[in-house]
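Written out below as structure tokens is the structure these notes cover.
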Amino acid sequence: MRVVIAGAGSVGRSIARELLRNGHSVLLVDREADGERVSKVPDASWLQADACEIEALSEAGLADCDVVVAATGDDKVNLVLSLLAKTEFGVPRTVARVNNPKNEWMFDEAWGVDVAVSTPRLMTALVEEAVSVGDLVRIFEFQQGRAMMVEMTLPVGSPLSGSRVGDIPFPGDTVLTGIIRDGSPIAPSRDDALEPLDELLFITTPEAEAELESMLSPGHRSPREDDLDEG
């Protein structure tokens, strides 16, 4: 897979290293791609350029890449890059970093963003995940298709404790994708039984979220911003 990453700060470089480690081809685009920065990820290709300029993106070969990652520290740049990647170069997938949570609402398909990664939201989710049992926590939202990844630590006393995965009538558009038990990940099969304090990972939709939480932990659901907005 060929990936172009705009923004060679600590975030962009970290992403590049992981992708290179997994055998992918990576080009880093940054206006300050000096020798010092290049030396920190020497196995990547580099282009010193402005990621918002059409000529620079053409030179970067966006038309031939599989994924564009907008990882700069400027939300305006990340939005413009995502839009250009989609509309001018037909890039199949765009991933954009959200720096300011107030701008998160703009990072959708209208701006060419397939996946928006909000560091503040992710950190909040991880904090909540660490301290909450019985609450459904949003880990990640996919802008296209309105799907999201959620997590719950199954509380002691849940009516689903001991149930076989294949026997549980999960809400529509909901898939149990993983179980973390005693620190070890499990790819769930129909014959696996849920146990108290299992960390359950789901792909679901906002419409199914309340039903899923009520099923896993009846009476434990806390109001969300979405509920307050509807009321």
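The values are calculated or read from the model by the stated rules, or taken from the named source; none is laboratory data. Being a predicted model, the structure only gives us computed values, none of them experimental. All Cβ positions, even for glycine, are placed from backbone atoms using ideal geometry, and neighbour counts span all protein chains on display. Just the protein is used for accessible areas: all its heavy atoms, side chains included, with ligands, DNA and RNA removed. Shrake-Rupley method; radii C 1.70, N 1.55, O 1.52, S 1.80 Å.
Once P(r) over Cα pairs in 10 Å bins from 0, in percent is worked out from the coordinates, which option in (1) 7, 23, 23, 18, 13, 8, 5, 2, 1, 0; (2) 7, 26, 23, 21, 17, 6, 0; (3) 7, 28, 28, 21, 13, 3, 0 does it equal?
(3)
Averaged per residue, what accessible surface does the stretch 13-95 expose to a 1.4 Å probe, in Å²?
Details: 4220 Å² over 83 residues.
Per residue, the stretch 13-95 has 51 Å² of solvent-accessible surface.
What per residue convex hull volume, in Å³, do the alpha-carbon atoms of the stretch 1-116 yield?
Output value, Cα hull per residue: 85 Å³.
Taking only Cα atoms, what is the 0 to 90° angle, nearest 10, from helix 75-87's long axis to the longest principal axis of the chain?
80
Setting aside same-chain residues fewer than 8 positions from K102, which lysines have a Cα under 18 Å from its Cα?
K102 reaches K76.
Could you give the length gained on full extension between S39 and S58, defined as 0.36 nm per residue of separation minus the Cα-Cα distance, in nm?
4.4 nm
DSSP beta bridges in the chain, what fraction antiparallel, as a percent rounded to 5? Spell out each step's value before the answer.
Values: 21 of 42 bridges.
DSSP beta bridges in the chain are roughly 50 percent antiparallel.
Work out the length of the dipole vector of the chain about its Cα centre, built from +1 on the beta-carbon of each Lys and Arg and -1 on the beta-carbon of each Asp and Glu, and round it to the nearest 20 debye.
560
Taking only Cα atoms, what is the 0 to 90° angle, nearest 10, from helix 119-131's long axis to the longest principal axis of the chain?
30
Quick one: angle between helix 10-21 and the longest Cα principal axis of the chain, in degrees between 0 and 90, rounded to 10, please.
Value to nearest ten degrees: 80.
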